[in-house]
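The values are calculated or read from the model by the stated rules, or taken from the named source; none is laboratory data. Please read all numbers here as calculations on a predicted model, not as lab measurements. Because the Cβ atoms are built from the backbone with ideal geometry, glycine has one as well, and the counts that use them run over all protein chains shown. When the accessible area is computed, the model is the full protein with side chains, heavy atoms only, and any ligands, DNA or RNA have been set aside. Shrake-Rupley method; radii C 1.70, N 1.55, O 1.52, S 1.80 Å.
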Amino acid sequence: MESQLFERIYDSVVRREPTYDGVYYTAVLTTRIVCRPSCRARTPKAANVVFYGSLQEAVREGFRPCKRCRPEEGGTLRPDAVLASQADAIMDGQFGSKLTLQSMAEQLKVSPFHLQRTYKRVTGQSPAARLDELRTGEARRLLAETDTGIADVGKAVGFRSASHFAAWFVKKSGLSPTEYRSKHNEGGN
């Protein structure tokens, strides 16, 4: 590899930029580990780095994939985007249960702080805001399209009591669940 290209890629490693993720892989000679250029692990010295054009090539040369940035997962997606996507999948499937940041973090095997910070950086909103959007959308759908009781709608979107659900729904829509259903049934949406 020519020195000018090496310097450019190494500079992205130092700054932990995703510019070369999926294009090059950073192999560290002293640890025999291969990472994405954007890996948040300690920056290796330039003299200890070799860049490979594929992960398979680095593995063939005796390097093992980093456990932190997991270059073998998610294709060209950065690990942060993969984590956010996994959190979205959990929220999509479990928004009707008592889902907390702590329980999601346990399922993803990361700390709640890391999940919160990473998810917000990737998506621009917190997991709680995304969960709120999912619950609001499903509550509106159930109220508008079904005759399901208010308490059952509340339970379906993760609330244990009808009163908590009703208070939350008023904050989100400006209408009580009954008013929302009546307005929608009149065609006013």
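Between Arg130, Arg140, Arg135, the distinction of being touching a residue at least 40 places away in the same chain (Cβ under 8 Å), under 30 Å from Cys39 (Cβ atoms) and either out of contact with any Cys (no Cβ under 6 Å at 6 or more places or on another chain) or open to solvent by 30 Å² or more (accessible area, probe 1.4 Å) (or both) belongs to Arg130 only.
Quick check on my filter: what residues within the range 156-171 are crowded, with 16+ Cβ neighbours inside 10 Å and either in a helix (DSSP H, G or I) or without any contact (Cβ under 8 Å) to a residue 40 or more places away in the chain (or both)? Don't jump to the end; show me each part of the working.
Going residue by residue through the range 156-171, those that are crowded, with 16+ Cβ neighbours inside 10 Å are 156-159, 162, 165-166, 168-169.
Scanning the range 156-171 gives Ala156, Phe159, Ala162, Phe165, Ala166, Trp168, Phe169.
Would you check if Arg32 is open to solvent by 80 Å² or more (accessible area, probe 1.4 Å), modelled with pLDDT of 85 or more and either among the aromatic types (Phe, Trp, Tyr) or on the phi > 0 side of the Ramachandran plot (or both)? Spelling it out, Arg32 is indeed open to solvent by 80 Å² or more (accessible area, probe 1.4 Å), modelled with pLDDT of 85 or more and either among the aromatic types (Phe, Trp, Tyr) or on the phi > 0 side of the Ramachandran plot (or both).
Each row is one residue, and each column tells you yes or no for (1) modelled with pLDDT under 90; (2) among the small types (Gly, Ala, Ser).
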residue: Leu101; (1), (2): no, no
residue: Met104; (1), (2): no, no
residue: Leu115; (1), (2): no, no
residue: Val122; (1), (2): yes, no
residue: Ala128; (1), (2): no, yes
residue: Arg135; (1), (2): no, no
residue: Ala144; (1), (2): no, yes
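Can you tell which of Val157, Val170 is more than 30 Å from Cys39 (Cα to Cα) and touching a Lys or Arg at 6+ places or on another chain (Cβ under 7 Å)? First the steps, then the outcome.
Numbers: Val170 fails: touching a Lys or Arg at 6+ places or on another chain (Cβ under 7 Å).
Of the residues listed, the single one that is more than 30 Å from Cys39 (Cα to Cα) and touching a Lys or Arg at 6+ places or on another chain (Cβ under 7 Å) is Val157.
Scanning the range 91-114 for residues being over 30 Å from Arg181 (Cα atoms) and either in contact with a Pro (Cβ under 7 Å, 6 or more places away or on another chain) or of a type in the set (Ser, Thr, Tyr) (or both) gives a total of 6. If the condition is being polar (S, T, N, Q), more than 18 Å from Lys67 (Cβ to Cβ) and open to solvent by less than 60 Å² (accessible area, probe 1.4 Å), then the range 100-122 contributes Thr100, Ser103.
For the criterion of being in contact (Cβ under 8 Å) with a residue 40 or more places away in the chain, of a type in the set (Asp, Glu) and open to solvent by 50 Å² or more (accessible area, probe 1.4 Å), Asp92 passes.
Of everything in the range 115-127 that is part of a helix (DSSP H, G or I) and without any contact (Cβ under 8 Å) to a residue 40 or more places away in the chain, the residue that is nearest to Lys183 (Cα to Cα) is Thr123.
Among the residues making up the range 143-155, those that are without any contact (Cβ under 8 Å) to a residue 40 or more places away in the chain and exposed (fewer than 15 other Cβ atoms within 10 Å of the Cβ) are Glu145, Thr146, Asp147, Thr148, Gly149, Asp152.
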